[in-house]
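Below is one structure, written out as structure tokens; comments come after it.
Bear in mind these aren't lab numbers, they're just calculated from the coordinates by the rules spelled out. Note that this is a predicted model, so its numbers are computed, not measured. So basically every Cβ, Gly included, is an ideal-geometry build from the backbone, and we count neighbours across all protein chains shown.
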Amino acid sequence: MVRPNLMYLTTFSSKESQTEHWNKFRKDPEWLRMKEIPKYKKTVSHSDKYYLYPTDYSDL
């Protein structure tokens with residue numbers, strides 16, 4: 001079965017800030033509960049992380 005790919009673009013002031021927020025999300029009780037629900041199990045196979053920096057002409 002082919003599953004769709006999802007892409008999220010987020011912004012953070014630093015890599016440390018990103019790590020802090022990501023860890024907060026990963027440890028969230030609601031997320032931990034949800035990811036054990038059978039219909040949601042194995043819906044995330046991996047994640048790729050890219051650090052991008054805006055250019056002078058970027059809208060970011």
Checklist line | Close Lys-Lys pairs in the chain, where close means Cα under 18 Å and separation is 8 or more or interchain | finding: 7
Margin query: Please list, in order along the stretch 29-37, the HN-Hα scalar couplings obtained from phi with the Karplus expression 6.51 cos²θ - 1.76 cosθ + 1.60 (θ = phi - 60°), rounded to whole Hz, x for Gly and Pro.
Written below: x, 5, 4, 4, 5, 4, 5, 8, 5
Next item on the list: Please report, in debye to the nearest 20, how large the charge dipole of the chain is about its Cα centre when each Lys and Arg carries +1 at its beta carbon and each Asp and Glu carries -1 there.
Entry: 560 debye
Next item on the list: Specify, per residue and in Å³, the volume enclosed by the convex hull of the alpha carbon atoms belonging to the chain.
Entry: 118 Å³
Item checked: 0 to 90° range, to nearest 10: angle between helix 15-26 axis and the chain longest Cα axis -> 20 degrees
Checklist line | Low-density loop cleavage sites - trypsin sites (Lys or Arg not before Pro) in the stretch 1-58, where at most 15 other Cβ are within 10 Å (DSSP) | finding: Lys27, Lys35, Lys41, Lys42, Lys49
